[in-house]
Every structure is written in structure tokens, then in C-alpha cells.
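A short worksheet on the structure shown next.
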Amino acid sequence: MSEQIEPKTEKGKGQKMWGGRFAAGPGALMQAINVSIGFDQRLADQDIAGSKAHSDMLAKQGIITPADRDAIHGGLDDIKAEIDAGTFPFSNDLEDIHLNIEARLKDKIGDAGGRLHTGRSRNDQVATDFRLWTRDHLDLFGIQLTALIEALVTQAEAHADTIMPGFTHLQSAQPVTFGHHMLAYAEMFARDRSRFADARKRMNESPLGAAALAGTPYNIDRDMTAKALGFDRPMANSLDAVSARDFALEALAAATICATHLSRLSEEIVIWTSAQFRFISLSDAFTTGSSIMPQKRNPDAAELVRAKVGRILGALTSLAVVMKGLPLAYSKDMQEDKEPVFDAFDALELGLAAMAGMVADMTPNKDRLADAAGAAFSTATDLADWLVMNLNMPFRDAHHVTGTIVALAEAQGKTLDALSLKDMQSVEARITNDIYSVLTPLASATSRTSYGGTAPNNVRHQVARWKAELD
């Protein structure tokens with residue numbers, strides 16, 4: 001048998017909030033599995049804000065007196081000051097942040113504190129707190145993503161005409177500009193920012209006042225509390241209000257996609273900083289040394305950001321599994337909703353900050369990028385396009401001719417722009433000296449003027465658009 005713990009009633013602890021039905025407290029194992037104050041104390045600010053909005057509404061509706069409301073607000077302000085100062089007496093005996101604050105409030109102001117819970121339940125209370133906390137972090141991610149986009153746009157502006165190899169299958173494909181590459185990630189992270197904003201719109205409805213699951217007989221004003229807490233409206237169904245966690249799932253899904261983008265850019269930074277590539281360098285601020293190899297400069301910040309997608313995706317999976325079999329309305333399973341979200345959002349917040357720092361810190365190696373851009377016959381497509389546009393050759397024929405010329409250059413150990421005109425004319429007699437105007441990496445990139453293409457002028461136009469949008 002598990003050890004039984006008697007309910008504590010001394011001052012500062014309060015009585016067990018589920019009343020006098022139980023002759024003794026829960027067993028030690030039950031208490032251990034039931035307690036959540038170790039992690040849900042992070043909801044303290046949201047819990048206090050919700051309680052203030054609720055007590056304001058109760059007073060306006062005549063359900064409690066203005067004097068009780070004022071006492072509640074004063075007590076809650078004192079509790080917030082204690083929490084901020086690190087002196088609040090958190091207790092495992094009181095399970096969660098909601099009961100900890102309520103018990104402390106009763107200690108401070110007496111019976112008025114017991115009137116705060118009129119017309120609400122912990123079910124709608126925790127749902128409200130969790131929505132408020134998640135909403136705050138979606139707003140934070142929007143700010144962080146804007147900072148990251150700004151860093152990418154700054155790099156794009158500085159390197160609109162810095163040539164680098166573009167890759168498919170991690171093989172050199174066609175020359176692009178470094179600025180164009182940076183703006184590709186700006187587009188991705190802008191969509192992430194949009195996803196967070198969309199999720200925020202859908203979740204911005206208030207559960208407060210739904211009570212345990214069925215609403216309340218008190219004459220409450222849910223529109224008032226919704227407005228006070230910055231929600232667009234109250235949730236329309238009390239069952240849905242206390243049991244829905246799709247707002248957290250949607251936020252985690254958006255976070256997972258964002259983390260995937262962070263991971264992709266991290267992977268490129270890891271590759272680019274390697275001795276084999278040497279495309280960019282990072283300062284000591286974002287690299288570490290080796291305990292045994294003094295020459296090493298490891299891109300640990302990028303590697304750690306790359307790894308965090310696993311934690312964030314894991315959180316999404318964890319919450320989805322928690323919710324998948326739950327009937328309406330509230331089940332205690334939902335206590336497991338917060339830790340994965342807290343952990344995932346901590347990881348994403350850190351990852352976004354680190355990536356913005358790395359992007360601002362990176363220095364492209366222009367000479368090395370230019371050399372790599374011309375390798376592996378990266379302008380072969382430009383040769384084929386020249387044959388089509390100047391000789392009216394069908395593209396499939398041009399593709400075959402170009403392949404033959406590439407094989408000739410490869411046999412001679414030359415790049416395409418170093419191959420003689422005579423050699424090219426041995427494959428296709430109509431080729432003229434003008435062919436060399438498209439065979440350098442810069443010429444190739446400059447020719448890609450279609451909307452969304454890599455031409456330096458295109459990059460500059462996109463930078464101007466981004467700067468106007470960010471302003």
C-alpha cells in the first residue's frame with residue numbers, strides 16, 4: 001500500500017481544494033503523478049491576468065462586491081510581486097499554479113479570496129491560461145522571425161552580385177547569387193511568420209466562463225472577460241472551450257515547420273563552414289574549439305539548432321497522441337499538454353535567436369564561392385539555352401549538343417569557358433564567339449532575369465521590397 005498523506009490545513013497551505021469527501025489525502029504516488037506545479041507555474045502571469053478579468057466582471061455583474069474585487073486585485077498584485085521576486089511559497093500539496101495562487105490569495109485577504117472562483121472552474125481557467133501563454137509566444141515568434149528575416153535581407157543586399165554555386169542533389173547545378181540564396185530563406189521564414197499569425201487568429205477566443213463543461217447559472221458576462229484579455233470573442237460551446245487543444249497542436253505544427261527551415265539553414269551553415277567547402281566563416285561567437293585538436297572551429301551553434309527540430313516534432317507527436325482518444329469534455333490526460341509545448345517553444349525561441357545571430361555573423365568567402373560557382377560545368381544549361389535562342393535549335397537537340405561539348409571539356413580538363421571555339425564548332429559548326437558571353441558564372445546568373453530569378457538586379461528589387469515590408 002502507498003503511504004497516505006493527511007490533508008494539510010495549517011496557514012499557508014490551505015485545505016485540499018476538492019473538499020471534505022476524502023478522509024485522507026492521496027497516496028504519495030498519486031500525489032507525484034497528479035502534481036503539475038513544477039512546470040505549470042510558468043502560467044502564473046496569465047493566471048493572475050485571467051483572475052483579474054474574472055473578478056472585474058463578477059463585480060460589474062453584482063456577483064461579488066466592489067470591495068471584494070479590490071481586495072482580490074490587491075492580493076493578486078502582491079502574489080505577482082512575490083513570484084517575480086522568487087519568494088512565493090510554491091507547494092506540491094496544492095497541485096498546480098491555480099490552486100497555489102488561490103490558496104495564497106485566501107491567506108492574504110481571507111474570505112474574499114474564496115469568492116474569486118465563483119462562476120468558473122479550473123477547467124476553463126487552465127484552458128484560458130494556456131491559450132494566453134501560447135498566444136504570447138506566437139507573438140514573440142513573430143518578432144523573432146522578423147529579426148531573422150531582417151538579417152537575411154541585410155546579407156542579400158550586401159551580396160546581391162556575389163556568385164556562388166546553386167545545387168540540386170548537393171551537386172553543382174547552376175550559378176546563383178549569395179543574395180538570392182539568402183532571400184530563399186527569407187521567403188520560408190516569412191511563411192512561418194504567417195502561419196503563426198494565422199494560428200493566433202484561430203486560437204484567439206476565450207474559454208473563460210465555460211466553467212467545468214456546461215457553463216454556469218451565474219449571470220456572467222463572457223464578452224467582457226474576453227475583451228479584457230485581448231480575445232476576439234468568447235468560445236461558443238462550453239464543451240469545446242474546456243476540451244479543445246487544437247490551438248496548441250496547430251502552434252506546434254507551425255513550430256515544427258519553422259524548426260525544419262531552421263534545420264535546413266543550419267545544415268547549410270555546417271557544410272559551408274567545413275574545410276572542404278569554405279564558403280563562409282563564423283566568428284568565435286558561434287563556434288567552439290576542440291579539446292584535443294587545436295585547429296578545429298566547430299559550428300556547434302548551427303548543429304544544436306539543427307537538432308532542435310527533433311524535440312519540437314516530438315512535442316507535436318506527443319500532444320497529438322495525448323489528445324487522439326479523449327472523449328468530451330475534460331480529462332486529466334490534458335495535464336500532459338503543457339510540458340511538450342513549453343519545451344518545444346523554449347527550443348524554438350532559442351533556435352530563432354541563435355540563427356538570427358549566425359546569419360548576421362557569417363562572412364561569405366567571395367573568391368571561394370566564385371571558384372566553386374564555375375566548377376562542374378555549371379553553365380552547361382546556359383550553353384544549351386544559347387543554342388536554342390541563337391540557332392533556333394530544339395531544346396532536346398541543344399541538350400544533346402551541350403552534353404557532347406561538356407564531355408569534350410571534361411576530357412581536356414577544362415571549364416566550358418576555357419574550351420576553344422574550334423573545339424565547340426567541331427560539335428556544332430554554327431556556334432560563334434558570342435557563346436562566351438554566357439559561359440561565365442556571373443554572366444549565367446545575370447541572365448536569369450525572369451521573375452523570381454537569381455539575376456543581381458532581381459535580388460536588389462526583392463531586397464527593396466523586403467525592406468519596405470519590414471519597415
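Tabulated results
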quantity	calculated
Nearest-ten-degree value, helix 300-323 long axis tilted from longest Cα axis of the chain	50 degrees
The stretch 347-471: relative contact order in percent, alpha carbon pairs under 8 Å with at least 6 residues between	21 percent
DSSP-assigned coil residues among trypsin sites (Lys or Arg not before Pro) in the stretch 241-345, each with at most 11 further Cβ atoms within 10 Å	K324
Ranked packing of 251-259, 79-87, most packed first, by mean Cβ within 10 Å	251-259, 79-87
Relative contact order (%) - the chain, alpha-carbon pairs under 8 angstrom, separation at least six	16 percent
Quarter of the Cα convex hull surface for the chain, i.e. its orientation-mean projected area (nm²)	31.3 nm²
Rg/Rh for the stretch 389-467, where both radii come from Cα atoms and Rh is the Kirkwood radius	1.09
Cα pair count fraction exceeding 13 Å, expressed as % - the stretch 89-143	67 percent
10 Å-binned pair-distance histogram of the stretch 68-214 (Cα, whole percent)	10, 23, 22, 16, 12, 11, 6, 0
Dimensionless Rg over Rh [the stretch 332-387; C-alpha; Kirkwood]	1.43
Fraction of accessible area attributable to carbon and sulfur, the chain (%, probe 1.4 Å)	53 percent
Extended-chain gain in nm, criterion 0.36 nm per residue less alpha-carbon gap, A214 and F39	60.2 nm
Coil-residue trypsin sites (Lys or Arg not before Pro) of the stretch 380-471, DSSP, other Cβ within 10 Å capped at 16	K414, R430
Positive-end extreme of charge dipole, the chain - chosen from Q61, T177, I280 (charges on Cβ)	Q61
Taking the stretch 15-169 and dividing mean pair separation by its residue count, relative contact order in percent (alpha carbons under 8 Å, at least six apart)	29 percent
Degrees between helix 44-60 axis and first principal axis of the chain (Cα, 0 to 90, nearest 10)	50 degrees
Using alpha-carbon coordinates, inclination of helix 122-158 to the longest axis of the chain, degrees	20 degrees
Beta bridge orientation in the chain: antiparallel %, DSSP, nearest 5	85 percent
1.4 Å probe accessible area per residue over the stretch 123-183, in Å²	31 Å²
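The values are calculated or read from the model by the stated rules, or taken from the named source; none is laboratory data. Note that the coordinates shown come from a computational prediction; the quantities given were computed from them, not determined experimentally. All Cβ positions, even for glycine, are placed from backbone atoms using ideal geometry, and neighbour counts span all protein chains on display. The area values use the complete protein model at the heavy-atom level, side chains included, leaving out ligands, DNA and RNA. Shrake-Rupley method; radii C 1.70, N 1.55, O 1.52, S 1.80 Å.
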